[in-house]
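Participant: Please find one structure pasted underneath; my questions will follow.
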Amino acid sequence: MTAPIKPSAFTDGITPVEGIFERLRAAFPIDRISWRVGATTQDKSRGMAVCYIDARDVADRLDEACTPAGWQCRYPHANGKTVCEIGIKIDGEWIWKSDGAGDTDREAEKGALSDAFKRAGVRWGIARYLYDIPGVWIEIENNNGGKSHKIKDTEMARLRGALGSGAPMQIPGPVQKSGHLPYQPEITPGKQAFIEGRKGAIAKFTDYDALGEWWNSEMEQKARRAAGLDPTEVEALKQIVMARRDALRKSSETV
């Protein structure tokens, strides 16, 4: 039986649409993050570790945030490249975002479909925070008869540390799968007060352009840094800003 859902610091008082955006961008448990070797040194003794998630994790996140009936995907092609479009049903309307990928070294067609799906998920905020994690140089060893390289087992603890630590975050939503709960760092009282204050400020804006200028201003960016917000927390507030601006735009169109 699923455990009772405990909202995060961002979910109190937000709209259902904003809740979907928050669940999509939520961080994944550390044990769901995989690593591969990117660039290597000339002697092939060290390599750049790059983190990623599997396509099934993206699908699970979409199920959790939108319900299985609330999203779909399709695969058109553009200029010989595989493109994935992910549609999410919001307020009864299908909204689509897309991205593409070329063939990969492994099982070219299947790899391109998977990569395009994951990249389209990033457009919706899924695992976008992983792009902000700097690469880590680690020791590597030959794999597959020297045709490829793998990360030494002794480096895995250091890589997990690069992702940070924190207890699993109980996310609100219609579907919650055991073992697939994202996490977020502990939110201190001071940080939570800052978040609540910013949510209130966002709700008071009545001008589309003014809200965008405020959010992107140097003063506001400095305030977020001073409050110690991490990338996932900034992204959560950004999604609330986007939802508010969307509401203001629709309101102005009906006048």
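Here, each number is a calculation from the coordinates, and none is a lab measurement. On a predicted model such as this, the values are computed, not experimentally measured, just so you know. Backbone-built Cβ (ideal geometry, glycine too); neighbour counts: all protein chains shown.
Participant: For q values of 0.12, 0.22 Å⁻¹, compute log₁₀ I(q)/I(0) with the Debye formula on a Cα-only model of segment 28-162, without solvent.
Facilitator: -0.57, -1.30
Participant: While we're here: Work out the FRET efficiency for Asn79 and Asp31 from their Cβ-Cβ distance, taking R0 = 45 Å, and round it to the nearest 0.05.
Facilitator: Taking R0 as 45 Å, the efficiency between Asn79 and Asp31 is 0.75.
Participant: Another one. Classify segment 187-254 from the C-alpha gyration tensor, please: rounded if a/c falls under 1.5, else prolate or oblate depending on whether a/b exceeds b/c.
Facilitator: prolate
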